[in-house]
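A short write-up of the structure that comes next.
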Amino acid sequence: MPAKDLFKDYDAGRDFCETTSKSVGGKSVGGRNNPLTKRLSRYNLRTLNQRNKAAERELKNLGITFTVYSDAGAIDRILPFDPLPRQISAADWKSLEAGCKQRVAALNAFLGDVYGKQKILKDGVVPRDLVLQNKHFREEMMGVKLPQGTYTHIAGVDLIRDENGAFLVLEDNCRSPSGVSYVIENRHLMMRSFPDLMEGVKIQAVSDYGKRLRGKLIETAPPRVQNPNIVLLTPGVFNSAYFEHVFLAREMGVALVEGRDLFVDDDDRVFMKTISGLERVHTIYRRIDDDFLDPEAFRKDSMLGVPGLLRSLKAGKVSIANAIGAGVADDKAVYAYMPRIIEYYLGEEAILDNVKTYICREADDLAYVLDNLKDLVVKPVSESGGYGIVVGPKASKAELSAIRKAVKKDPKNYIAQPMINLSVCPTLTPKGVKPRHVDLRPFVLTGADIWVLPGGLTRVAMREGSIIVNSSQGGGSKDTWVMR
Amino acid sequence: MLLARFAENAFWLGRYMERVESLSRLLWVTEAFAADQESDEAWAPILSVFADHESFSDRGKSMTALNVARFYLTDKANPNSAAFAAFMAKENARILRHLISTEAWREISVFNDDLITLQKRRFALSKLSDICLQLRDGCYRHRGVMESTCFRDEVWRFNQLGAALERADQTTRLIDIKYFRFDRDDDDAAAPPDVAWWNTLLRSAAGYHAFQRRHSFNADAADAARFILGDPHLPLSVANAASTAVYQLERLERDFDAKPGPGVNAAAQALKARLESPPKRLAGRTLHRYIDAIQQEIIGLANALNERYFAPVG
């Protein structure tokens with residue numbers, strides 16, 4: 001072993017390491033004998049950091065960025081990139097893939113039922129008010145038949161890995177999950193900037209995502225439309241995910257339109273405004289929230305939407321992905337019921353476990369939560385973006401007593417979960433290769449059948465000890481290798 | 001079929017990049033000539049050419065070479081500056097990103113970063129000609145990358161159409177500087193620095209050597225003006241730019257069934273006719289008036305294009 005072995009001081013401690021730990025009953029990707037680890041150990045830290053800087057500069061030049069607008073103008077920022085890939089063994093992937101397919105099949109069945117006969121509510125498996133009073137529930141969609149019964153054409157399943165290496169679902173994303181562009185661009189960047197790290201390694205390809213997505217959108221086009229004209233509807237250049245919209249439009253070879261480019265006529269048909277007049281549109285992959293999609297049906301003040309889209313959808317003249325009202329399935333409270341929802345529709349046990357979730361509206365769970373507040377993470381179900389979350393082990397006495405009061409007063413509004421430390425992955429830092437926490441978001445496409453992009457987006461908390469992987473808080477990303 | 005909005009963005013991407021290139025040329029010519037004159041007076045004509053006297057004096061800066069140069073190079077609040085045009089080019093390109101090559105976006109992006117660096121550095125006058133050349137080379141590079149990598153679709157045609165129209169317009173302004181500088185009150189006698197001036201202009205328009213080959217003996221000022229205005233083989237000539245624009249319209253109709261229609265055709269014809277019938281005397285006030293008329297035809301064509309292609313129906 002050479003003296004400057006990059007892995008010499010690597011120590012994941014009690015955390016589960018994606019590269020060096022062996023999961024219970026599972027297989028690791030080879031630990032120190034992993035060909036990548038072996039190869040990396042011969043590298044010089046300074047050159048590796050320099051090469052990574054150059055790679056990041058190229059990301060900026062190529063515009064693989066999110067844009068921050070201010071008075072000073074437009075600033076293009078990159079998502080920090082880590083060149084040490086996260087590897088997933090073929091065996092682990094097989095079960096992850098099956099688990100994601102199962103979960104999304106259940107999510108679509110659930111949505112079809114909720115906007116149809118509502119059997120699951122009648123059978124009392126999921127509380128009625130949880131669904132019908134949910135802010136993402138759209139009354140307007142009741143009884144609307146969708147091609148292939150698909151509601152969440154593009155879903156993102158957020159996964160973490162616990163101390164034993166078990167994959168757990170943290171959250172479902174059924175509306176507009178983003179990040180897939182980074183999955184593919186990270187792979188391109190690896191191939192361009194670190195071909196020596198990839199040489200001879202057998203990895204599943206990710207490059208046909210655009211083709212697959214297009215395929216799913218064709219499968220879910222309005223009835224009797226053979227060759228649908230597909231568009232991607234973006235809020236515009238000011239949206240922070242604009243690059244991803246550009247990327248997907250390019251990969252699918254479809255027009256990237258804004259609301260003002262579209263028009264619904266009195267016959268409920270959707271058109272786009274071209275240099276030679278109006279041209280029919282059949283399928284819209286929208287990256288605009290329900291609220292802003294159609295000022296005729298939802299928020300009247302929306303400048304981003306297209307008046308009449310809902311009308312056209314109901315007339316069966318346009319398909320919209322993801323469906324209006326799909327958000328009801330990725331709600332935090334509904335999440336807690338997912339194992340039961342899977343069982344209910346598919347008659348199967350969930351392949352991927354939820355993070356253990358206590359539903360405060362149920363008496364036993366409530367009692368447990370109140371007894372163990374200081375060890376639990378309590379989340380209000382109606383909030384998103386991390387608002388109102390109380391992390392028991394880190395909370396003050398005053399905070400704990402405030403949350404105790406709030407949970408007692410309105411148990412329906414709360415769920416609680418044990419504190420879970422995310423797994424770690426060897427990550428390049430100026431001080432050497434160090435463990436950093438990661439999560440994983442596989443992308444799942446549904447049309448006539450379900451397909452999962454091998455791997456997904458691995459986000460990494462670049463700060464030591466941090467478990468916050470969000471890009472707004474210093475998170476970066478890694479290439480994700482599903483081994484063949 | 002291409003969205004009307006994208007056609008407009010492609011058109012303006014072409015116009016703005018061409019504007020940066022032309023500004024670099026205009027400033028270079030002014031600087032090159034002013035160096036001989038040792039007078040800031042040489043810089044006033046640029047303000048006249050763009051009708052910018054008012055917005056320049058709003059800034060409360062004295063009329064020095066450096067202030068005018070900065071006003072046109074790095075002042076982003078000035079809509080006639082290179083900094084503004086480059087920024088707008090990038091924002092138009094941003095909207096077109098899924099339709100232009102990744103190479104083209106990369107190049108526009110890097111070019112803008114270079115300009116931002118320039119804005120942060122408060123450059124000295126002695127650096128001006130270097131900076132102008134650097135800008136110009138950036139524009140050449142842009143053109144090369146576009147030419148080499150962009151798919152020849154409607155986006156390309158509208159981009160080239162915009163570039164051609166802007167080039168025609170900017171070349172007339174380049175010629176017009178002389179009127180504001182020397183000829184204002186005198187329609188007859190050629191001003192003393194005539195030959196030197198035209199030579200500088202020809203060099204900036206990459207036409208000096210070609211002009212020498214075409215007019216080796218007894219060339220006079222009017223020949224130079226005629227050459228820059230009307231020579232069909234000079235890339236920057238107004239006539240060449242106009243016929244490139246007409247060619248793009250033909251290709252839009254032929255390849256993409258996007259017929260220009262009567263309004264655009266009439267405006268294009270009017271511009272062509274104007275260029276084919278120059279006045280006998282191409283100097284002084286006559287030349288200035290003629291240039292003014294050409295600019296009006298160009299504006300007419302731009303308006304007709306807007307009406308036909310960019311104003312969305314529905």
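Some notes on this structure:
- Potential extension, A:D267-A:R42 segment - 0.36 nm per residue separation minus Cα distance: 74.3 nm
- Options B:W198, B:A270, B:Y309, ranked by Cα towards positive dipole end of the range B:157-314, top entry (Cβ charges): B:Y309
- Per-pair calculated FRET efficiency, R0 = 51 Å: A:V68 and B:A266 via Cβ, rounded to 0.05: 0.65
- The loop-placed trypsin sites (Lys or Arg not before Pro) in the range B:251-314, going by DSSP, that have at most 15 neighbouring Cβ atoms within 10 Å of their Cβ come out as B:K280, B:R281.
- Cα-based shape type of the range A:356-418, given that a ≥ b ≥ c are square roots of the gyration tensor eigenvalues and the cut on a/c is 1.5: rounded
- In terms of distances greater than 20 angstrom between alpha carbons, the cross-link table entries A:K119/A:K317; A:K431/A:K478; A:K379/A:K408; A:K273/A:K317 yield A:K119/A:K317.
- Spatially, the range A:268-344 and the range B:281-303 are offset by 52 Å when compared through their Cα centroids.
- Per residue of peptide B:248-258, the mean number of Cβ atoms on other chains within 10 Å of the residue Cβ is 1.
- Filtered GluC sites (Glu not before Pro), the range B:1-89: DSSP coil and at most 14 other beta carbons within 10 Å: B:E38
- Ranked list, fewest to most other Cβ atoms within 10 Å of each Cβ, for A:E18, B:E250: B:E250, A:E18
- Label zone at A:N164, where the point sits 7 Å out along the Cα-to-Cβ direction: the range A:313-341 residues whose backbone N lies under 19 Å: A:339
- Shielding score for B:83-92, defined as the mean number of other chain Cβ atoms within 10 Å: 1
- Estimated FRET transfer efficiency when R0 is 35 angstrom, pair A:K8-A:Q473 (beta carbons, to 0.05): 0.70
- Helical content alone sets the calculated 222 nm signal of chain B at -23000 deg cm²/dmol, taking -39,500 (n - 2.57) per DSSP H segment of four or more residues and averaging over every residue.
- Gyration tensor verdict on the range A:256-363 (Cα atoms; rounded if a/c is under 1.5, prolate if a/b is larger than b/c, oblate otherwise): prolate
- Averaged over the residues of peptide B:108-117, the number of Cβ atoms from other protein chains lying within 10 Å of each residue's Cβ is 2.
- The residues B:S109, A:S312, when put in order of fewest to most other Cβ atoms within 10 Å, stand as B:S109, A:S312.
- Placing a label point 7 Å from the Cα of A:A54 along the Cα-to-Cβ direction, the residues of the range A:79-95 whose backbone N falls under 16 Å from that point are A:83.
- R0 of 35 Å, Cβ-Cβ distance B:D220-B:T117: FRET efficiency to nearest 0.05: 0.20
- Available extension along the chain between A:R484 and A:H188 is 104.7 nm, counting 0.36 nm per residue and deducting the alpha carbon span.
- Loop-located chymotrypsin sites (Phe, Trp or Tyr not before Pro) in the range A:193-255, at most 14 other Cβ atoms within 10 Å (DSSP): A:F238
- The alpha-carbon of B:K272 sits under 29 angstrom from the alpha-carbons of these lysines, leaving out residues fewer than 8 places away in its chain: B:K178, B:K259, B:K280.
- Cβ crowding within 10 Å ranks B:M88, A:M142 as A:M142, B:M88, fewest other Cβ atoms first.
- Chain A, helix-only ellipticity at 222 nm - DSSP H runs n ≥ 4, -39,500 (n - 2.57), divided by all residues, nearest 500: -8500 deg cm²/dmol
- Taking each residue as 0.36 nm, the span from A:K397 to A:K145 lengthens on full extension beyond its C-alpha to C-alpha distance by 85.6 nm.
- Point-to-point label distance, B:E253-B:R141, nm (Cα→Cβ direction, 7 Å offset): 3.9
- A:F16 long-range amide H proximity, modeled H, under 5 Å: A:V424
- Gyration tensor verdict on chain A (Cα atoms; rounded if a/c is under 1.5, prolate if a/b is larger than b/c, oblate otherwise): oblate
None of the figures in this text is laboratory data; all of them are computed from the coordinates on show. Bear in mind that the values here come from a model prediction, so they are computed numbers and not experimental data. Neighbour counts run over all protein chains shown; Cβ positions are idealised from the backbone, glycine included.
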